[in-house]
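Everything below concerns the one structure shown next.
Computed from the coordinates by the stated procedures, all read-outs in this text should not be read as laboratory data. Keep in mind that this is a model prediction, so the values were computed, not measured. Glycine also receives a Cβ, built like all others from the backbone with ideal geometry; neighbour counts cover every protein chain displayed.
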Amino acid sequence: MALKINEDCTGCGVCVDIAPDTFKIGDDGLAKVIGNGPKAQEAVDSCPVGAISM
C-alpha cells in the first residue's frame, strides 16, 4: 500500500526518527515519503497528529 501524508503534518519528525528509510523532512519543513521501509507502520501509528496513512 502507498503511504500518504496529509495536510495535518506539523513536521515534528517522529516519523523520521522511527523510519528514516521511509520519511524525511522536506525543504518546506514537513515530512515527505521517500520509501516504504520495515518500520513504516510503526511510524504511521506513532504520528501524533494522525497525518500518515497507508
Count - residues of the stretch 13-54 that are among the hydrophobic types (A, V, I, L, M, F, W, C), out of contact with any strand residue (DSSP E or B) (no Cβ under 9 Å at 6 or more places or on another chain) and under 16 Å from A2 (Cβ atoms): 1
Subset tally (residues that are surrounded by 15 or more Cβ atoms within 10 Å (Cβ to Cβ) and either part of a helix (DSSP H, G or I) or touching an Asp or Glu at 6+ places or on another chain (Cβ under 6 Å) (or both)) for the stretch 1-36: 4
Tally of residues being of a type in the set (G, A, S), loosely packed, with under 13 Cβ neighbours inside 10 Å and assigned to a helix (DSSP H, G or I) across the stretch 37-54: 0
